Amino acid sequence: MNGTLAPYAASEANSRGRRHPEPPPPYRSEYQRDRDRIVHSTAFRRLEYKTQVFVNHEGDLFRTRLTHSIEVAQIGRTIARALRLNEDLTEAIALAHDLGHTPFGHAGQDALNACMADYGGFEHNLQSLRVVDELEEKYADFPGLNLTFETREGILKHCSPENARHLGEIGQRFLERGQPSLEAQLANLADEIAYNNHDVDDGLRAGLLALEALREVTLFREHHDTVHRAHPRLAPRRTIHEVIRRMINRLVSDLIETSRARLEAAGIRHPDDVRRWPEPLMGFSSEMAELNRELKRHLRRHLYHHYRVERMTAKARRIVSELFDAFFHHPELLPDEYRLRARERERQQGAAGRARVVTDYIAGMTDRYAIAEHKRLFDPLELT
Ligand code: MG
């Protein structure tokens, strides 16, 4: 961490601490310890084989949830340092923000949510919190990773009032319409900057996005023109990289300047002022927000709904819901550890308990593990 923190930054002095009190770490900050626990978790390693947009086996060069999370952390740290916010906390939130994602990205999450309709639903944000609070089994003295309140608060980006009521302190702000810390707000925006830009890169590389069509997007066209004017003979891939790095830089600079001005105008002096403010204080200027929306619209129409992505999405939904049905109706097919857990939870909570254990098992799968498990269950020629 460079320099001193701004008065509105999250710090150990104003932390709400951990659920299970622990002595402070001798060499690291509390948030560094959170980050390190996240990096050492099983769920973090699984991100390497989980889909962002492209399924893992489609190519070695596409973003995965792991490289995406690292890009989010990089962008987040830059912004945090520029605004003298807590860089360690920002990094911890960024690295943990997608831990609860299912295999096959949003297709997997939608399928699991549909399967769980009668049993409380499935939401990847809530699952990320479940992973760090309960599902990671690593430490002798507590379940989960026992992270600080601030890291957990940043992980839980959104939450229905219904779910918030069951979550205690961490769900409170969704009932009171409060804001999370600035570090949480900025990690959320860094996520958006990262995926919009890397999806342009991956979409072009995969041949699903066309350069000509992308030039209808103002943000892209402006930077593409600038790069092309300065380097007319630059190879296409290098041109794209130059354009994307400039777009990221523009978004990040706008976010830093706009947020700094808003914090000053609002007279924010303490992290509690941030939480009580009626709206998020971190954000883009209205001009940049509109340019960003235009880029997102383009990606939605041309990439996320491209027929090749839709085909993979349809397959992914089928795999996830067939896995769920098989395990839910025949828990004897579950590996021992999950079968025992399903029986235990069913005793306490009925069918909803069994459904939740099946969901935890499926949500934890990587893309390729889900595909292999599906084959083992449904392909008679496959070894079990
Ligand atoms: Mg993300």
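The values are calculated or read from the model by the stated rules, or taken from the named source; none is laboratory data. These figures come from a predicted structure and were not determined experimentally. A quick note on method: Cβ atoms are made from the backbone with ideal geometry, for glycine too, and the neighbour counts reach across all protein chains shown. Ligands, DNA and RNA are excluded from the accessible area calculation, which covers all protein heavy atoms including side chains. Shrake-Rupley method; radii C 1.70, N 1.55, O 1.52, S 1.80 Å.
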Query raised in the report: Would segment 249-257 turn up any residue that is touching a His at 6+ places or on another chain (Cβ under 8 Å), aliphatic (A, V, I, L, M), modelled with pLDDT of 95 or more and in a helix (DSSP H, G or I)?
Result: no
Report summary line: Scanning segment 169-206 for residues that are within 16 Å of the ligand (Cβ to nearest atom) and either among the polar types (S, T, N, Q) or over 17 Å from the mean Cα position of the chain (by Cα) (or both) gives GLN185, ASN188, ASN196, ASN197, VAL200, ASP201, ASP202
Report task. Taking the residues in segment 238-255 that are open to solvent by 20 Å² or more (accessible area, probe 1.4 Å) and touching a residue at least 24 places away in the same chain (Cβ under 8 Å) as candidates, determine which candidate is farthest from ASP199 (Cα to Cα). Result -> ASP254
Report summary line: Expected single match for away from the ligand (no atom under 15 Å from the Cβ), surrounded by fewer than 17 Cβ atoms within 10 Å (Cβ to Cβ) and modelled with pLDDT of 95 or more among GLU87, GLU134 is GLU134
Query raised in the report: Which residue pairs have Cβ atoms closer than 9 Å, lie 6 or more positions apart in sequence or on different chains, and pair a first residue in segment 86-101 that is more than 22 Å from LYS50 (Cα to Cα) and touching a residue at least 24 places away in the same chain (Cβ under 8 Å) with a second residue that is away from the ligand (no atom under 15 Å from the Cβ) and of a type in the set (Phe, Trp, Tyr)?
Result: ASN86/TYR31; GLU87/TYR31; ASP88/TYR31; LEU89/TYR31; THR90/TYR31
Query raised in the report: Residue check: is PHE44 closer than 21 Å to LEU135 by Cβ and either within 16 Å of the ligand (Cβ to nearest atom) or hydrophobic (A, V, I, L, M, F, W, C) (or both)?
Result: yes
**Report entry** Count - residues of segment 29-52 that are touching a helix residue (DSSP H, G or I) at 6+ places or on another chain (Cβ under 7 Å) and open to solvent by 30 Å² or more (accessible area, probe 1.4 Å)
**Finding:** 6
Query raised in the report: Taking segment 151-168 as the region of interest, how many residues are at pLDDT below 95 and either open to solvent by 20 Å² or more (accessible area, probe 1.4 Å) or within 16 Å of the ligand (Cβ to nearest atom) (or both)?
Result: 11
Query raised in the report: Within the set of pairs 6 or more residues apart or between chains, which connect a residue that is in contact (Cβ under 8 Å) with a residue 40 or more places away in the chain inside segment 205-223 to a residue that is among the aliphatic types (A, V, I, L, M) and exposed (fewer than 13 other Cβ atoms within 10 Å of the Cβ) with Cβ atoms less than 7 Å apart?
Result: ARG205/LEU61
Query - Filter pass, GLU242 being at pLDDT 95 or above and among the charged types (D, E, K, R) - result: yes
Query - Condition met for LEU66 (hydrophobic (A, V, I, L, M, F, W, C), in contact (Cβ under 8 Å) with a residue 24 or more places away in the chain and within 14 Å of the ligand (Cβ to nearest atom)) - result: no
Requested in this report: Please tell me if ARG341 is surrounded by fewer than 14 Cβ atoms within 10 Å (Cβ to Cβ) and not hydroxyl-bearing (Ser, Thr, Tyr).
Outcome: no
Query - Residue within segment 127-136 that is closer than 16 Å to THR359 by Cα and free of Cβ contacts under 8 Å to residues at least 12 places away in the same chain present - result: yes
